[in-house]
Amino acid sequence: MRLISGALLLCAGTFAQQQPDAIVDFEVQLKPGEPIETFAVHVYRKWAPKGASRFLKLVDDGHFDGCAFFRVINRFMAQFGINGDPERQGRWRRKSIQDEVAGEHVPKSNTRGRITFAHAGPNSRSTQLFINFGDNSRLDRENFPPFGEVDEAGMSVVDRLHVTGEGGPKGPGPSQGKINNQGDAYLSKEFPELSKIVSARRRPEALVPHRKGDIDGDGKLDGKDTAILEHYARLRGATLAPVAAKPAEMPAAASGDDGFYVWFAAATLFFVVASLRRRRAAKES
């Protein structure tokens, strides 16, 4: 029985780890005039709940649309998140979030593909993020908790971002201060070759069982969810039905996706029991 219980727990744990709370599709232009390419960020709230929540709010606000990858360093990381409109950037920049609380999240390491917020000290995360090109686990002790990751297929796009080197004035890349103050006017004139984000939107298919259809994660099916769906549909050239005509509280759980897990657990149990019976029969014979 212990073997059976262990097998079921292992299977359940594996599925739980693989299910993201949200998936955000990034459309990027690696160089001016080149075709649009895409990569996806898989968001896991348990890794860093405050960081994940802030990231999704920025996505839903359209904050990353048009943002440049202004600090891209080979074998280190790709940094972005300063909006080209200084006024808009200033509003979000002034609303920094608190650090994650020990015991309230499941910290992950800064390995290849993981994404986290940049910061200037305690409780200073605002809009800037970076994606790790390699193993930057040394940053873990400096309070850079990842909240999501880009899979290897997506990293094949991230790996080809325009390399800027270190930012000014220490390096040849753009000055963060000037981007904050002058926005796109500065970047377009001085650094027109930068890779840019065309759009970043939640993927409607990335829904967990207990939030069926609740795209923005506020526990309700309402017009906000419909707006996100419609925008995504326009991007993909599809049409989708509204989520709900009126706001409605979400149920605590949904049975549709859970049915698969029940079936899988039952099938696993069947094969484990059958295997044990065959072993016992072989010994007795």
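Just a few scattered comments:
- Scanning residues 5 or more positions from Phe76 or on other chains, those with amide H under 5 Å from its amide H are Phe133, with H placed 1.01 Å from N in the peptide plane.
- Computed over the range 67-117: relative contact order in percent, which uses C-alpha pairs under 8 Å that are six or more apart: 21 percent
- Approximating the spin labels as points 7 Å out from Cα along Cα→Cβ, the Ser137-to-Asp65 distance works out to 4.0 nm.
- Overall form of the range 30-178 per C-alpha gyration tensor (a/c, 1.5; a/b vs b/c): rounded
- Packing here is the average count of other Cβ atoms within 10 Å per residue, and on that basis the peptides 97-110, 161-174, 40-53, highest first, run 40-53, 161-174, 97-110.
Only the coordinates and a few stated rules stand behind these numbers; no lab work does. Just so we're clear, the structure is a prediction, and the values are computed from it rather than from any experiment. For neighbour counting, all protein chains shown are included, and Cβ atoms are generated from backbone atoms with ideal geometry for every residue, glycine included.
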